[in-house]
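These notes concern the structure reproduced below.
Where a number appears in this text, it was derived from the coordinates with a stated rule and is not lab data. Nothing here was measured: the structure is a model prediction, and the numbers come from that model. With ideal geometry, Cβ positions are generated from the backbone for all residues, glycine too; neighbour counts draw on all protein chains shown.
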Amino acid sequence: MASAITSLGYVQSISDYSLSVKYVDNHLTILLVYVDAIVLTGDDLKEINAVKKFLLPQILPWNRSCSIGKGHVSQPKKVHF
């Protein structure tokens, strides 16, 4: 999974290998991959949809009960790396 994520241009965190980020043209997308969950958030809806489209075929063979939810963050936070 890590090589698939990095092939999309994400950079894996050194301190937390479940965290990958992509920052392009002032847009931040954050991807957390855990054993039983994937969290995808950010301010670039086009990128989020592209990642879902890319990852879903890779996830479904492993987990037939996979579902994609939609969340909302009311106050975006500034992230410093």
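Observations on the model:
- Matching residues in segment 3-22 - criterion: being among the charged types (D, E, K, R) and loosely packed, with under 13 Cβ neighbours inside 10 Å: D16
- Top-ranked residue of segment 23-49 - restricted to ones that are under 12 Å from I5 (Cβ atoms) and of a type in the set (A, V, I, L, M), ranked as surrounded by the most Cβ atoms within 10 Å (Cβ to Cβ): L31
- Pairs with Cβ under 8 Å, 6+ apart, first in segment 1-19 and free of Cβ contacts under 8 Å to residues at least 60 places away in the same chain, second aromatic (F, W, Y): A2/Y17; A4/F54; L8/F54; S18/Y34
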